[in-house]
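The values are calculated or read from the model by the stated rules, or taken from the named source; none is laboratory data. In this text, all values refer to a predicted model and were calculated from it rather than measured experimentally. Cβ placement follows ideal geometry from the backbone for every residue including glycine, while neighbour counts extend to all protein chains displayed. Just so you know, the surface numbers come from the protein's heavy atoms only, side chains and all, with ligands and any DNA or RNA stripped out. Shrake-Rupley method; radii C 1.70, N 1.55, O 1.52, S 1.80 Å.
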Amino acid sequence: LIKDLDRLLSLIVHVVSKTIKIKDVALFLLDKETNNYSLKAVRYKNNLQKDLFFAADDVFIKYIKDRKDSIIREEIRSRIQRDGAHDLAELRSVLAKLDELKVSVIVPSFVGDLLLGFLVLGEKSKGQMYTQDDLNVFGVLANQAALAIENAVFYQEQGKTLAEKFHEHKIWSIGRMGSGVGHQINNRFQALMGAAEVALSIHLEDLKKALDSGKVGKYITD
């Protein structure tokens, strides 16, 4: 129901933080103009840079797209320890980024195959582990959030389009009004020109006589 995108993103972060009882929640959203995933809403005690973003071709983003499901940091750590590090360079890079940001879980939101954005969640209070039930809820949340965000983005883009159309209509109206005013002024000049021509035709002979007699000034005064 919320059409304002910034308000919607802030609300999602607030509700998740309050419901799951975690202090660290942030939301990254795809910026279609730059093709980056930029930080848009945050409740994070470990202060994140306000201009933090990930390029679409970043290894971190590629892993989220390939996984298409919630990502748990400790599961990645366990897999690296279990399988070794020879062919897991990508996983190590992802884990390093999760450790750097102190992120426990990534919750992606997809629209079809498009990664619209993702939530990053810190640790639960009292160090509790995220359960499978948590992940199931996150899946539902991700789908609902994607629909809500897509809806808000649509309204935002439509609003811009309507504003542009209104501006174009305003310019057109001003142009039309100017044309109308010009036409009215031209009509007045036509009337004056007509009156002048009539006056000239009536008084032309008298003016010629006045010029010949040197009495132009008296004629004009009269």
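Worth pointing out:
- Candidates are the residues of the stretch 124-141 that are in contact with a Phe, Trp or Tyr (Cβ under 9 Å, 6 or more places away or on another chain) and open to solvent by 10 Å² or more (accessible area, probe 1.4 Å); the one that is nearest to Asp69 (Cα to Cα) is Tyr130.
- Qualifying residue in the stretch 73-95 (condition: touching a strand residue (DSSP E or B) at 6+ places or on another chain (Cβ under 7 Å) and in contact (Cβ under 8 Å) with a residue 40 or more places away in the chain): no
- The single condition among (1) under 26 Å from Val137 (Cβ atoms); (2) at pLDDT 90 or above; (3) over 21 Å from the mean Cα position of the chain (by Cα) that Asp58 does not meet is (1).
- Boolean, Val25 is surrounded by 15 or more Cβ atoms within 10 Å (Cβ to Cβ) and within 21 Å of Ala152 (Cβ to Cβ): yes
- Qualifying residue in the stretch 80-100 (condition: part of a strand (DSSP E or B) and at pLDDT below 90): no
- Residue within the stretch 1-8 that is free of Cβ contacts under 8 Å to residues at least 40 places away in the same chain, over 30 Å from Met129 (Cα atoms), surrounded by fewer than 17 Cβ atoms within 10 Å (Cβ to Cβ) and over 14 Å from the mean Cα position of the chain (by Cα) present: yes
- Count - residues of the stretch 28-64 that are of a type outside the set (Val, Ile, Thr), in contact (Cβ under 8 Å) with a residue 40 or more places away in the chain and either open to solvent by less than 30 Å² (accessible area, probe 1.4 Å) or not in a loop (DSSP other than H, G, I, E, B) (or both): 6
- Check on Arg67, touching a helix residue (DSSP H, G or I) at 6+ places or on another chain (Cβ under 9 Å) and open to solvent by 10 Å² or more (accessible area, probe 1.4 Å): no
- The residue pairs whose first member lies in the stretch 101-127 and is of a type in the set (Phe, Trp, Tyr), whose second member is crowded, with 21+ Cβ neighbours inside 10 Å, and whose beta carbons are closer than 7 Å, counting only pairs six or more residues apart or on different chains, are Phe118/Phe28; Phe118/Ile64; Phe118/Ile106; Phe118/Val107; Phe118/Pro108; Phe118/Ser109.
- Residue match in the stretch 108-121 (condition: at pLDDT 80 or above, open to solvent by 90 Å² or more (accessible area, probe 1.4 Å) and within 19 Å of Lys23 (Cα to Cα)): no
- Within the stretch 135-154, residues that are in a helix (DSSP H, G or I) sit with their Cβ atoms under 6 Å from residues that are hydroxyl-bearing (Ser, Thr, Tyr), at 6+ positions apart or across chains, in these pairs: Leu135/Ser70; Phe138/Ser70; Ala142/Ser109; Ala145/Ser109; Ala146/Ser109.
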